[in-house]
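Readers should treat all values here as calculations from the given coordinates under stated rules, not as data from a laboratory. Everything numeric here is computed off the predicted structure, so don't read it as measured data. Because the Cβ atoms are built from the backbone with ideal geometry, glycine has one as well, and the counts that use them run over all protein chains shown.
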Amino acid sequence: MAKGELKKSGADDVQVSSRSECEVFDDGTNTFFWRAHTLTVLFILTCVLVYVTLLEETPHDTAYNTKRGIVASILVFLCFGVTQAKDGPFTRPHPAYWRFWLCVSVVYELFLIFILFQTVHDGRQFMKFIDPKLGVPLPERDYGGNCLIYDPGNPADPFHNIWDKMDGFVPAHFLGWYIKTLVIRDWWMCMIISVMFEFLEYSLEHQLPNFSECWWDHWIMDVLVCNGLGIYCGMKTLGWLSMKPYQWQGLWNIPTYKGKIKRIAFQFTPYSWVKFEWRPASNLRRWLAVLGIIFMFLLAELNTFYLKFVLWMPPEHYLVLLRLIFFVNVGGVGMREFYDFMDDPKFHKKLGQQAWIVATITVTEFLIVVKYDPNTIMLPIPFFVTQCWILGFLLILVWTLWRFFIRDITLRYKETRRRRQEVSSDRDSSSSTSSGRSKLNGNTDSVRHRKP
């Protein structure tokens with residue numbers, strides 16, 4: 001644990017204590033692992049550049065030199081960012097790890113901007129420079145068809161429809177929703193996003209054939225089994241993290257080998273824990289923030305399918321997997337920064353850097369989809385589906401108006417009326433008391449006049 005991290009954790013401790021979350025003990029051990037190595041990285045980088053310049057012969061291959069020059073530029077930028085970028089809210093397993101992903105976010109956004117400014121043909125053919133197998137149109141797999149759970153027409157294997165759906169995407173769904181639960185840290189929001197995405201698949205299956213799935217694939221395998229089990233396991237992990245004691249001690253200060261191994265394992269757990277309390281109905285700001293998070297999550301999910309559709313990437317391609325790994329690492333930091341900005345705007349006066357770049361990436365991906373295949377996304381939605389979505393938006397709008405405007409006006413009117421009634425009743429009681437006292441004083445005076 002570095003001293004710099006200990007200073008940073010002071011702000012975290014104040015924030016956590018104000019939220020009544022957890023207490024953190026740290027002995028402040030500053031080891032080589034936690035110290036800044038800016039000069040070391042600069043020396044190594046300079047040696048590599050000197051070797052390439054003076055000792056290595058440049059090949060006469062324009063395409064190869066272009067690729068190598070781009071990769072070298074990215075690596076130099078990553079070295080700069082890992083050593084010089086601003087730290088985010090996460091410090092484990094190491095702040096440099098999260099600085100690395102921040103820089104990768106910038107590189108990915110620049111790549112998306114480059115793709116966005118190309119023609120459709122050039123953008124798709126540019127993918128061949130990354131992988132020669134890309135740049136070829138690929139048919140989408142249709143998950144619909146025969147939706148019988150038990151198929152009597154196939155006596156050899158009547159449950160073949162279920163086994164056909166048991167592919168690599170089943171554990172991917174479970175693992176994905178387990179991680180999303182750790183990112184969002186709220187059961188209700190996870191379930192809403194999970195169910196809403198299934199409705200989106202129903203609504204958009206006329207655009208992408210692989211959205212066409214059987215009803216039991218939507219609601220049983222996806223929502224209940226894969227997503228539901230992932231959310232359940234994620235909530236159990238969140239409960240353990242909220243109850244876990246956060247006491248950190250230097251590795252060399254631990255006497256036993258078992259304690260050292262345990263300390264190394266706990267290095268990959270959070271330094272401290274903050275429980276997310278979204279409370280969307282508490283005020284209009286939090287309600288709009290939660291709606292924005294749900295919208296961006298759903299848009300990022302849709303981008304996964306539409307991007308590989310417009311850029312002609314098969315679902316099993318390694319670039320699709322790398323994009324998911326990327327969002328796993330940057331999503332948690334972005335969500336924490338967004339929550340801090342929403343929950344305490346006086347302390348966090350601006351949106352965090354990772355949350356800003358993640359939102360920009362999501363929007364840029366959607367713009368690429370719009371530019372590369374406008375005909376697909378402009379296919380008319382079935383009328384009954386449009387009616388359902390209009391009804392849903394109207395319900396959200398009506399509830400928002402009632403909860404944050406009409407209800408508040410009504411409550412303020414009732415409170416004002418109650419106060420006026422209390423003031424008038426106080427005046428009546430005081431006037432009656434004063435009149436009673438005047439009558440009593442008049443009777444006493446008459447008695448005094450009679451005595452002489």
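What order, most packed first, do the peptides 348-354, 33-39, 333-339 have when packing is the mean number of other Cβ atoms within 10 Å of each residue? If you can, show how the numbers build up before the last one.
Values: 348-354: 16.4, 33-39: 13.1, 333-339: 22.9.
Order by mean packing, descending: 333-339, 348-354, 33-39.
Which whole-number percentage describes the relative contact order of segment 246-398, with Cα contacts under 8 Å and a sequence gap of 6 or more?
Values: 71 pairs, mean separation 28.0, N = 153.
For segment 246-398, the relative contact order is 18 percent.
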Modelling each spin label as a point 7 Å along the Cα-to-Cβ direction, I'd like the PHE111/PHE129 distance in nm, to one decimal.
1.2
What order do you get for 51-64, 280-293 when each peptide is scored by the mean count of other beta carbon atoms within 10 Å, highest first?
280-293, 51-64
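Please identify every one of the chymotrypsin sites (Phe, Trp or Tyr not before Pro) in segment 193-269 that sits in a loop by DSSP and has no more than 13 other beta carbons within 10 Å of its own beta carbon. Spell out each step's value before the answer.
Numbers: sites: PHE197, PHE199, TYR202, PHE211, TRP215, TRP216, TRP219, TYR232, TRP240, TYR246, TRP248, TRP252, TYR257, PHE266, PHE268; in loops: PHE268.
For chymotrypsin sites (Phe, Trp or Tyr not before Pro) across segment 193-269 that sit outside H, G, I, E and B with at most 13 neighbouring Cβ atoms in 10 Å, the list reads PHE268.
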Computed magnitude of the charge dipole of segment 280-391 (debye, nearest 20; Cβ of K, R +1, Cβ of D, E -1):
300
Once you list every other residue whose beta carbon is under 13 Å from the beta carbon of ALA300, what net charge do they have if Lys and Arg are +1 and Asp and Glu are -1?
0
Rounded to the nearest 20 debye, dipole of segment 27-106 from Cβ charges on Lys, Arg, Asp, Glu
260
Please give the Cα centre distance for segment 299-346 versus segment 41-118, rounded to the nearest Å.
21
